[in-house]
Amino acid sequence: MNATTTDHRTPDHLVEVVDSHLHLWDPARLDYPWLAQVPSLHRSYLPADLQVATTGLDQTGFRLEAAVFVEAGRTDRHADAEVDWVEQLAAEWPVLRAVVAHAPLERGGGAAAQVAALGRRRLVTGVRRNIQDEAPGFSVCDDFVDGVRLLAANGLCFDLCVRHHQLAEVTLLVARVPQVTFVLDHVGKPPVAAGPTGSWRDDLSRLADLPNVVCKLSGLATESTPGWVGADLLPYLEHALRRFGADRCLFGGDWPVATLATGYRRWLGIVHTACAGLPAAQRRAVFADTARRVYRLSC
C-alpha cells in the first residue's frame, strides 16, 4: 500500500483518506520515555508496519493517499533528530507528506530560533507541545502564549493535545492567539469510559465557537472501555461534527496508539458511519480536504 498502488476498483468508488494523525517510532534510534509504561507498544512502528495494518484497505472502500506525522513523545533532546528521521522515511514512503514537530514553546521568546528553524524544514507544517499532563494554568501562562505566537510568523499551526478537563483553559489560549490555527487532537479526549458528560460537550462547543480551531476525529477508542462498540463513540463524533462543521473536522487514525483498542479499518469505518448523513463534499472534507488545507499538503 503506497501512493502508487493500483486499485482493483476505480477511484470514484474509493474514499480518499488523508490521515492527519500518524505516529512512528523506533526505540533503538531515539528515546521515548513513555513507552516504558506501555509494554505492548514498546517496539518500533515503521511505515512497513502500517502497510501491514492497512492491507486490503481498498477492499473496504478507502485509499490512504497521504499522512501527517505527529511528534511521538521522544525526549526533548531528540526533537530535531526525530524530524531528521521522519524526513528520511518520507523520502522512501511518499505517503508521508507533513510533520508536526515538537518545540519547547514554554520558553517563550527563547524558543524563537528553534521555531524559525522548524519553519524552514521542508515537511514541517505544524508544532505540538503536548500539554495533556501539565498543571492547571500551563497553557495560558505568558511565556507559553508568547511561544505559541511565534508559530504564526513561521507559517505553522499548533496541535492541541489535551484532556477534557483542560478544554476551558485552552479555549482561552486559542482566543488569545487568533493568528494561529489550532488543531484539537482526539476530540479533546472526552471521558468515554465514564459515560456522557455535559462538561465536555459544553466546553467543546465553546471552543468550536472560535474560528481558528479545527478538530481531529481521532483517539476515542482508547478513551473507552474494553468491549466498546461503535455506537458508544458515535455521539462524540456527531457532536464534534455538529459544532465544528465538516470543513473544520479531519480524520485521524492515531496509529499505532489506537491499536491498544481498535484496528485501523475499524476506526475508519466508525468515522465513516458518523459522516454517513453528510453531503459528499462534506465527507471529502473530513477524510481529506480539511487536512490538506490545515497542513498545507500539495497532494
Q) Which FRET efficiency value, to the nearest 0.05, do you get for D143 and L234 by plugging their Cβ-Cβ distance into 1/(1 + (r/R0)^6) with R0 = 45 Å? A) 0.70
Q: Give me Rg over Rh for region 76-231, both radii from the alpha carbons and Rh done the Kirkwood way, two decimal places.
A: 0.99
Q. What 222 nm value per residue comes from the helices of the chain, counting each DSSP H run with n ≥ 4 as -39,500 (n - 2.57) and dividing by all residues, nearest 500 deg cm²/dmol?
A. -9500 deg cm²/dmol
Q. With N residues in region 36-88, what two-decimal value do you get for its Cα radius of gyration over 2.2 N^0.38 Å?
A. 1.42
**Q.** Centroid-to-centroid separation of region 107-172 and region 188-253 [C-alpha atoms, Å]
**A.** 21 Å
Q: Evaluate the charge dipole of the chain about its Cα centre and quote only its size in Debye, nearest 20, assuming +1 on the Cβ of each Lys and Arg and -1 on the Cβ of each Asp and Glu.
A: 500 debye
(Q) Using a 10 Å cut-off around each Cβ, can you sort F138, F244 from fewest to most neighbouring Cβ atoms? (A) F138, F244
**Q.** region 38-132: C-alpha gyration tensor shape, a/c 1.5 cut-off, then a/b vs b/c
**A.** prolate
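Read the figures in this text as sums done on the coordinates, not as results from a lab. The shown structure was predicted, so the numbers you read here are calculated from the model rather than taken from an experiment. Note that we place each Cβ from the backbone using ideal geometry, even for glycine, and neighbour counts take in every protein chain shown.
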